[in-house]
Amino acid sequence: MIANWSVSKPHHKIWAWLFWVIIGVIMLSPMIFWATGIGQNADNLSAELTRQPDGALLSSPKAQAYHQLMFPMRLERMLIYPLLILSFQFSGGAVALRTFIEKQIEAGPLTPIRKLFRRWPQRWRQRLTPGDLLTFCVFVLVLNLAIFLLYLPFNFYRGFMVSHQFGLSTQTVMGWFSDWGKSVLIDLFIAAGTWTTLYSFMKLLPRRWPLPVGGLMVAFLFIFTLLTPTLITPLFYTVSPLENSDLRTRILTLTQRAGMSADEVYVIDASSKTTEVNAYVTAFGDQQRIVLFDTLINDYTPDQVEVVLAHELGHWYYHHVFLSLMGIGAVGWLGLFGLRWLLDRLWPWLGLRSPSDIAGLPFVLALIFLASTFSLPVENGFSRFGEHQADVFALTISQKPDVFVTLFQQIAEQNLSIVDPPAWEKFIFYTHPSISDRIHFAEQFQTD
Ligand SMILES: [Zn+2]
């Protein structure tokens, strides 16, 4: 029965063939995008918005060219990435990798981990061995590192070359690689922790694992979000208090008006990497932080900075971070039960030893990727709603709709935004209302 169910040998060959073709596509596609010449030509294009006689805004030629290059790259990743990991799964590559790692571990020294295990109850030691734990961890690290390296040319082209061609990046090659290295290390660390924990619980509690894993996941989400400003941001940027005391007073007055009790404003040296502008407010209990990109302070008027801040305070006022974490946590927790249901049924077909076989991880990753891709319209719908709430809040407490309009025109020019994307693109991909929707709303806004 199990033999009939598993992905059969002739299919293995087709999937293996597909796997290598996909690797070729990922490695070569940057050259194809480069060969279009769109990036090389970007320097000659104007980044200025135009207004048509009827008042409608038109994206700059530079923004249009940028979109023409970036959008197919985004689609490529969306389609090719799940195919890559699924073909690795179905070709038998994942099982072969797991077997190989197990052999290496059996031959290698396990004593330190075995010692750690002596304190465990006998029942648990039988279900989860030191060898299992190490296999989980090494499998996750090898798989993730391979994906990072495979996507390195693609990401370098997209994140460094194209960004430079369009004048969006100020980073040096060394700086880019140093950031890449840091984010790879952070991601590997998180992935190894997450998946080793999940698969260990699957072994220890074969029926009930979604309960504790879901709880840990929600706790981790909150702790990670709470610690990001103090732990992760300083790894990439220099964070310092805002020195301009006029601006500082204005910002703190604004936060008080919104009902927040922050007493310091921080600046990060974003200009060392990018020309894009941003700001954010983080708050958990008493820890309230206002962070501005230095690009915002350098290029925008104090009035405009105030409107940006007012928008960020809107997110704080409506508890958007907390609500989105709750939403992600709840959906993710339910998803774990769905995952258990699927793995309990599909493991023989996938050629695995049990549902808790780490060789099934690529399948799990593909499921998660596909689920989050298909839920994009819903997720982004919520996001656009929250962004609009924050815009209304910004206009209400700042009472400066005309500053709001000039601010978003300047942001659109600087960030090379498409001001009025087609409705379907907005529906699927846009986390924020389009620039033209935001400007249009501000123009209709009645001040008190
Ligand atoms: Zn926002």
Exercise. Would you please state which residues of segment 331-365 a label at R127 would reach in this model, taking the label point 7 Å out along Cα→Cβ and a backbone N cut-off of under 15 Å?
Key: 355-357
Practice problem: Identify which of P82, P210, P241 has the largest mean-square fluctuation in a Gaussian network model of the chain, with springs joining Cα atoms closer than 10 Å. | Solution: P241
Quiz item: Over the chain, what is the mean sequence separation of C-alpha contacts under 8 Å (at least six apart), divided by residue count, expressed as relative contact order in percent?
Solution: 20 percent
Exercise. Taking the Cβ of P421 as the centre, find all other residues whose Cβ is under 15 Å away and add up their charges (Lys, Arg: +1; Asp, Glu: -1).
Key: 0
Self-check item: Karplus 3J(HN,Hα) series, Hz, for segment 340-349 with 6.51 cos²θ - 1.76 cosθ + 1.60 (x for Gly, Pro)
Solution: 4, 4, 5, 5, 4, 9, 9, 4, x, 5
Exercise. Please work out the C-alpha center-to-center distance from segment 325-388 to segment 151-185 and express it in whole Å.
Key: 29 Å
Quiz item: Do any trypsin sites (Lys or Arg not before Pro) in segment 152-236 lie in a DSSP loop with no more than 15 other beta carbon atoms within 10 Å, and if so, which?
Solution: R207, R208
Quiz prompt | Long-range amide H partners of G351 with built H, under 5 Å | solution = V7
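When a/c is below 1.5 the answer is rounded, else prolate if a/b is larger than b/c, else oblate, so apply that to segment 375-443 with a ≥ b ≥ c taken from the square roots of the Cα gyration tensor eigenvalues. Don't skip to the answer; put the middle values down first.
Details: a/c = 2.51, a/b = 1.41, b/c = 1.78.
Because a/c hits 1.5 or more and a/b fails to exceed b/c, segment 375-443 counts as oblate.
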Quiz item: Picking from A310, F293, V321, whose Cα lies most toward the positive end of the charge dipole for segment 271-334 (charges on Cβ: Lys, Arg +1; Asp, Glu -1)?
Solution: V321
Quiz item: Hey, got a sec? Which chymotrypsin sites (Phe, Trp or Tyr not before Pro) in segment 349-390 land in a DSSP loop and have at most 16 other Cβ atoms within 10 Å?
Solution: W349
Quiz item: Cα axis of helix 376-398 to longest principal axis of the chain: angle in degrees, 0 to 90, nearest 10?
Solution: 30 degrees
Exercise. Report the full-extension gain for the segment R257 to L205: residue separation times 0.36 nm, less the Cα-Cα distance, to one decimal in nm.
Key: 13.6 nm
Self-check item: Gaussian network model of the chain, Cα within-10 Å springs - most flexible of S398, S87, S183
Solution: S183
Practice problem: Treating cross-link reach as a plain straight distance, find the aspartates and glutamates whose alpha-carbon is under 15 Å from the alpha-carbon of K13, omitting any fewer than eight places away in the same chain. | Solution: none
Quiz item: Distance in nm between label sites at M27 and R345, each 7 Å beyond Cα in the beta-carbon direction?
Solution: 3.8 nm
Quiz item: Once the other residues with Cβ under 12 Å from the Cβ of L235 are scored (Lys, Arg +1; Asp, Glu -1), what is the net sum?
Solution: 0
Exercise. Step through the table entries K182/K426; K103/K203; K62/K273; K62/K426, compare each Cα-Cα distance with 24 Å, and write down the pairs that go over it.
Key: K182/K426
Quiz item: Not counting the cut sites, what is the longest span of the chain without GluC sites (Glu not before Pro) that DSSP labels loop and that have at most 15 other Cβ atoms within 10 Å?
Solution: 49-242
Practice problem: Rank G55, G386, G92 by mean-square fluctuation in a GNM of the chain with C-alpha springs under 10 angstrom and give only the top-ranked residue. | Solution: G55
Exercise. Pop the C-beta distance of T36 and L58 into the FRET formula with R0 = 25 Å and round what comes out to the nearest 0.05.
Key: 0.65
Quiz prompt | Cα→Cβ-extended label distance, 7 Å offset, between K13 and F369, nm | solution = 2.6 nm
Quiz item: If you place +1 on the Cβ of every Lys and Arg, -1 on the Cβ of every Asp and Glu, and leave all else neutral, what size is the dipole of the chain about its Cα centre, to the nearest 20 Debye?
Solution: 3080 debye
Exercise. May I ask for the net charge around F445, where only other residues with Cβ less than 13 Å from the Cβ of F445 are counted and Lys, Arg are +1 while Asp, Glu are -1?
Key: -3
Exercise. Could you tell me the convex hull volume per residue, in Å³, taken over the Cα atoms of segment 198-316?
Key: 129 Å³
Quiz item: What angle, in degrees between 0 and 90 and rounded to the nearest 10, separates the Cα long axis of helix 61-90 from the longest principal axis of the Cα atoms of the chain?
Solution: 10 degrees
Exercise. Could you tell me how many degrees, from 0 to 90 and to the nearest 10, lie between the Cα long axis of helix 245-257 and the main elongation axis, the longest principal axis, of the Cα atoms of the chain?
Key: 70 degrees
Exercise. Compute the distance in nm between two label points, each set 7 Å from the Cα along the Cα-to-Cβ direction, one at I232 and one at E425.
Key: 2.8 nm
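Every read-out reported here was derived from the displayed coordinates using simple, explicitly stated rules and does not represent laboratory data. Here the structure is a predicted model, which is why all the values come from computation and not from measurement. Cβ coordinates were reconstructed from backbone atoms using ideal geometry, including for glycine residues, and neighbour counts include every protein chain displayed.
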